[in-house]
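The values are calculated or read from the model by the stated rules, or taken from the named source; none is laboratory data. None of these values were measured; they are calculated from a predicted model. All Cβ positions, glycine included, derive from the backbone under ideal geometry; neighbour counts span all protein chains shown. Please note that ligands, DNA and RNA were not included when accessible areas were found on the heavy atoms of the full protein model with its side chains. Shrake-Rupley method; radii C 1.70, N 1.55, O 1.52, S 1.80 Å.
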Amino acid sequence: MTVEFPALALILLFPALGVLFNLFLGPRYGRGAVNVVGPGVVFVAFGVATWAFLTLLAMPPGGALAVHLWGWIEAGRFHTELGLRLDALSGVMVMIVTGVGALIHLYSVGYMAHDEDFARFFTYMNLFAFSMLILILADNLLMMFVGWEGVGLCSYLLIAFWYTNPQFAYNGRKAFVVNRIGDAGFLLGIFTIVATLGAHDVWTLDFVELRQHAALLGGAAATAAGFLLFIGATGKSAQIPLYVWLPDAMVGPTPVSALIHAATMVTAGVYMIARLGFIYTMAPAALGLVATIGGLTALFAATIALVQPDIKKVLAYSTISQLGYMFLGVGSGAYASGIFHLMTHAFFKGLLFLCAGSVIHALGGEQDMNKMGGLRRKLPITFWTMFIATLAIAAVPPFSGYFSKDLILEAAYDSGHSWLWFLGVITAGLTSFYMFRLIFMTFFGESRVDSEKEHHLHESPAVMAIPLIVLAILATVGGWVNLPGGLLWGNAFVRFLTPAVGAFKPIVEASPTSLSLAASIASALGIALAYLFYLRLPGVPMLLAWRLKDLYNLLLNKYYIDQLYNFIVTRPLFWVSDNVLNRAIDSFVIDGAADGAGLAVRTSGQIARRAETGNVQHYAFVYLLGALGIVAYYLFLVTH
Amino acid sequence: MNGGLLTALIFLPLIGALFILMQSEERAIWNSAFIFSLLPLALSFYVLAEFNPHVAEYQLAEQYDWIPAFGITYHIGIDGISLFLVLLTTILITLSLLYSGGGDIEERPREFCFFMLVLETGLLGALLSVDLFLFYIFWEVMLIPMYFLIGMWGHGRKIYAAIKFVLFTAVGSLLMLVAILYLVYSAHEHFNRTSFDLPLLYQVPLTVTEGRWLFAAFALAFAIKVPMWPVHTWLPDAHTNAPTAGSVILAGVMLKMGTYGFLRFAVPLFPTVAVEAIPLFMALAIIGIIYGALVAMMQPDLKRLIAYSSVSHMGFVMLGIFALNPEGVDGAIYQMLNHGVSTGGLFLLVGMLYMRRHTREISEFGGLWKRVPVYAAVFMVVMLSSIGLPGLNGFVGEFLIMLGAFLRIRLAAVFAVVGVILGALYMLWTYERVMFGPITRAVNETIGDLTGREIAVMAPVIALMLFMGLFPRPLISRIEPSVTAMLARANVAQARLELERQPNRLAALSPARQISNRKPEMAAAAR
């Protein structure tokens, strides 16, 4: 049942108004107005979203709210509309994005309090909220792509927010271009769907209609489309092989890292696959690839996070790793489990970044954990909230991450990917280790803070602390919406999502308790090891780094993947463009041929002089020859 | 009745040009030039209002005998293919004049405005001609004012660039002239009547060889104009050395004469050859897309960079045209408009920078955002339009083109998306080097942000980008009927070709199989 609900458009309208206000009037009306309008519009959007979501909850399962905006691209047989649709899946997403988004906007008021470019910052943030909501609420694949590229743009603008630093600007561009590679796959996926359905004279990209006609795609086209769209997801959601932009994205302001590069935008790929689950279910090969890439990325990124000294870099690789879990979940066919982890991750990872931001803010920009330590007494709110978030990500019951991670690992095992389940368990152990390493290095032990910074140490203001506390509560209880087995309301979250994303069909039946136990043991081991290394025997990590120098350097340098890409892609591309295409072919061969008109091959040293003097005559000569030839040809035709 | 509407549209700028010759005071020259560009602009919007979106044929047509001895008529009309190109022309001429009056052109403003308006007459005439002879006259007329615009008001090696531009075009046009004459000659043989009228010439039966040669002549003339790889090298020189207004019109409208020529003449006159040539032209288009992007990336000069980006973007247009399906061709026409708006906008922006710094070297800039935030924001939007960000105009065209190409030859779209990636790479890199980073040159510390006049020039450009990105339907629905009619010719040709290519397969089918295949069709026909 779909109900017309025009107020859905308001969820988009308010952030859009925020963009216009902050862009055109923000600099004039000043910080006070921007601080109200910037977060305000997102809070209002959250209010409208809540209203819509409650309306949806009151409807029977499988219901949806929708509003049609206007016909967009219509050409030939192809047509697509602009319209919004809120079902269980997009409802959950909208609540996460507007809710967590509003909190992070609020936090930004404090974090950006000393930045003169506050109006530009909130313009971008509101534009991001607007684009992300388009991505989520779009009722068709092409409109989703509008939001998809829109959030990419905002990501670029916000990574390069402090643009006077050339490295930051470069990192922004890197993010955009790597995402564009993914987007190219996304586009080809769209074309595959349009062309295949078009051959059956079905021309649509509307999700509801696509689902109705999905059978027409057939296995081959569904696999191709699923594979191509997943390329898009590896870009946006930072999976192997396109994850390389995300760690570099950390140079943006920390609220940006929390909102865009942890809680919301980077999960768009997971959302897209859950949204198109009906296509992926028809394409087991594509789905298997999603699970495999997810499992491998989870492990791969976690190993890098083990040794990073930069607090935000640890969290960045952790995000990549957790996104890997989500793909493992949806790739196992358990779409609801992926979305569940997406939600809890938005709470605890958003919180972790905000806490990291609070630490960085207190330390006047310091991000190196080697220069932290012992901060828990100076920053009690930050410490306790970050500790809760760490318990959540380390899957300690009853914190939220425990329920969602368990569900994913169970799904991975039950769908027959037992080796991916095993990777997931290992990753769980690594996760606990690097997170507690972060906590211990930052908040415990002796202070290693520079003495002049020590004086300025202060807990963050209320405007930053309140979002931390709210998110800490969510990170604690967020997982309770889906309790295992028949406990209380049971798996209510999964049941709520099932009409929208389809039910999970296990292949293997395993005891959930023993699976859960394995993961919990791994997790506990990780915590214990971190405790041992960073609190009890602080000399051990250094010793290990020294004894296993090669392995340590490999991890510290992120397996040298950036260097590898640079060596096999970037440098050859520029070299060929400049030396082969630009200089050799364009300037010398093609233009040379034109200039000399086949009469003179010039040596490069003479180009400038000859071009000014001799060429006009060459041209005149060639022109004459051509004209004569044409006249002769015409005469020939007439007499023939 | 709207008799004379299109004639008025074509010749109003010419009258304005003559009027300006009588002016001597500089302010009066600029003002009257601007007003005389506003008149055709208003008239073109009136044409849009009068245009019937459901009609595929020429509208508002006028036909008078001109040189009856050779069957040459003054036959003009407008259809969905030319409608918005006419609007693009009138808009860009107005914006260019508004911009140029703000200090860009200081020498001989009277002659400059004169040539700009003559150019407008040439462009509009070429777009509205239905008679091939008339078309050819206007086609050649366009060259002369552009030659002078580059040669007199250009920079650097302007004479070289101007001559290169004219000669490249002239070589192609002469071949086209021969082809036109041959076509008319064949028409005379067949219909016993001499005529340059396009609808009649569409009907001329040609042998395969004749068709191929004539198509080649037309295609070469238009390919040079587009410009397609590898006949593009006149473009970077012409663009770089032309004055800003010249680059805007050259890129914004004149290049479209090439792609327009394919749509209006080369493809519908020789549909069979066009269908045969699909793989060749798609390949050349793709080479242009990728090659143009990679070479653009390496240019140290902003204008040269945009010139090569035009090679890439016009490659997209050609790809859409030779998809020869409504999605691709609609997209190609839309992309012609997009490219006019976004590249026109880019050239205007570079012109504004040049006025302030008298250089276009990318390495001369850096960190400009801090000094000129409004300029930087406008540049950002124009750049995003150019790289096809969804929500802005460029995406609609690129998407339809690639979809059309995918429906024709899948691999073509795979290569085309590489162009989309590279487009983002070189544009963002350029933006980064100009706007981001610290200010590296002291002279850049003092440059001023956009003036009121410059904002007035750029505001319509931005508005068009947003409107065309969000509401493409009012445009495409007017474009499409004429495209469908044009494609009908190509579809017939394609069906015939497929039959000819596979006669054996048809014969090899057993009679029983053939009947069973035919049955549903016959049943459908009977119904």
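At a glance:
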{"quantity": "Spherically averaged projected area of chain A from its Cα convex hull (nm²)", "calculated": "37.9"}
{"quantity": "Amide H partners (placed H, <5 Å) of A:Ala334, local residues excluded", "calculated": "none"}
{"quantity": "Inter-chain shielding of B:479-487 (mean C-beta neighbours from other protein chains, 10 Å cut-off)", "calculated": "1"}
{"quantity": "With 10 Å bins from 0: P(r) over region A:283-556, alpha-carbon pairs, percent", "calculated": "7, 30, 33, 20, 8, 1, 0"}
{"quantity": "Euclidean distance between Cα centres, region A:1-68 to region A:74-147, Å", "calculated": "10"}
{"quantity": "Cα-Cα over 27 Å, subset of A:Lys349/A:Lys549; B:Lys225/B:Lys303; A:Lys236/A:Lys349; B:Lys256/B:Lys303; B:Lys158/B:Lys256; B:Lys158/B:Lys225", "calculated": "A:Lys349/A:Lys549"}
{"quantity": "Cα centroid separation, region A:182-237 to region B:465-484 (Å)", "calculated": "25"}
{"quantity": "Radius of gyration and maximum dimension Dmax of region B:203-270, Cα, Å", "calculated": "14.4, 46"}
{"quantity": "Cα-based convex hull volume of region B:1-101 per residue, rounded to whole Å³", "calculated": "116"}
{"quantity": "3J(HN,Hα) from dihedral phi, region B:164-179, Karplus parametrisation 6.51/-1.76/1.60, rounded to Hz, x for glycine, proline", "calculated": "4, 4, 5, 5, 4, 5, 5, 4, x, 5, 5, 4, 5, 4, 4, 5"}
{"quantity": "Carbon and sulfur %, accessible surface of region B:167-296 computed with the full protein complex present, 1.4 Å", "calculated": "69"}
{"quantity": "Kirkwood-Stokes translational diffusion coefficient of region A:238-323, alpha-carbon pairs, 10 °C, 1.306 mPa s, µm²/s", "calculated": "117"}
{"quantity": "At most 12 other Cβ within 10 Å, DSSP loop - GluC sites (Glu not before Pro), region A:358-447", "calculated": "A:Glu446"}
{"quantity": "Relative contact order of chain A, pairs being alpha-carbon contacts under 8 Å that are 6 or more residues apart, as %", "calculated": "11"}
{"quantity": "Tail weight of P(r) past 12 Å, computed on alpha-carbon pairs of region A:49-99, percent", "calculated": "66"}
{"quantity": "Other-chain or far-sequence residues with amide H under 5 Å of A:Leu86's (modelled H)", "calculated": "A:Leu65, A:Ala66"}
{"quantity": "Low-density loop positions, trypsin sites (Lys or Arg not before Pro), region A:426-489 - DSSP coil, at most 15 other Cβ in 10 Å", "calculated": "A:Arg448"}
{"quantity": "Backbone HN-Hα couplings from phi across region B:134-147 [Karplus 6.51/-1.76/1.60, Hz, Gly and Pro as x]", "calculated": "4, 4, 5, 4, 5, 4, 6, 4, 4, 5, 5, x, 5, 4"}
{"quantity": "Sequence-separation-based contact order of chain B, relative, with Cα cut under 8 Å and 6+ spacing, percent", "calculated": "15"}
{"quantity": "Carbon + sulfur, % of accessible area of region B:319-361 - ligands and nucleic acids excluded, 1.4 Å", "calculated": "51"}
{"quantity": "In Å, descending, principal axis extents of the Cα set of region B:372-483", "calculated": "54, 30, 17"}
{"quantity": "Interface burial for A against B (accessible surface, 1.4 Å probe, total of both chains, Å², rounded to 100)", "calculated": "6300"}
{"quantity": "For region B:275-282, Karplus couplings with θ = phi - 60° (6.51, -1.76, 1.60), whole Hz, Gly/Pro x", "calculated": "5, 4, 8, 3, x, 4, 6, 5"}
{"quantity": "Mean Cβ count within 10 Å, highest first, over the residues of peptides A:180-188, A:465-473", "calculated": "A:180-188, A:465-473"}
{"quantity": "Residue-averaged [θ]222 nm for the protein assembly as shown, counting only DSSP H segments that reach four residues, each worth -39500 (n - 2.57)", "calculated": "-23500 deg cm²/dmol"}
{"quantity": "Separation of alpha-carbon centers, region B:265-307 and region B:209-262, rounded to whole Å", "calculated": "10"}
{"quantity": "Loop sites in region B:19-119: GluC sites (Glu not before Pro), DSSP, at most 13 other Cβ within 10 Å", "calculated": "B:Glu25, B:Glu57, B:Glu106, B:Glu107"}
{"quantity": "Ratio of Rg to Rh over the protein assembly as shown (Cα coordinates, Kirkwood Rh, two decimals)", "calculated": "1.01"}
{"quantity": "Calculated on alpha-carbon atoms, Rg and Dmax of region B:277-491 in Å", "calculated": "18.1, 61"}
{"quantity": "R0 of 41 Å, Cβ-Cβ distance A:Val208-B:Ser363: FRET efficiency to nearest 0.05", "calculated": "0.20"}
{"quantity": "Normalised convex hull volume, chain B, alpha-carbon set, Å³ per residue", "calculated": "156"}
{"quantity": "Projected-area average for region B:287-351 over all orientations - Cα convex hull basis, square nanometres", "calculated": "4.0"}
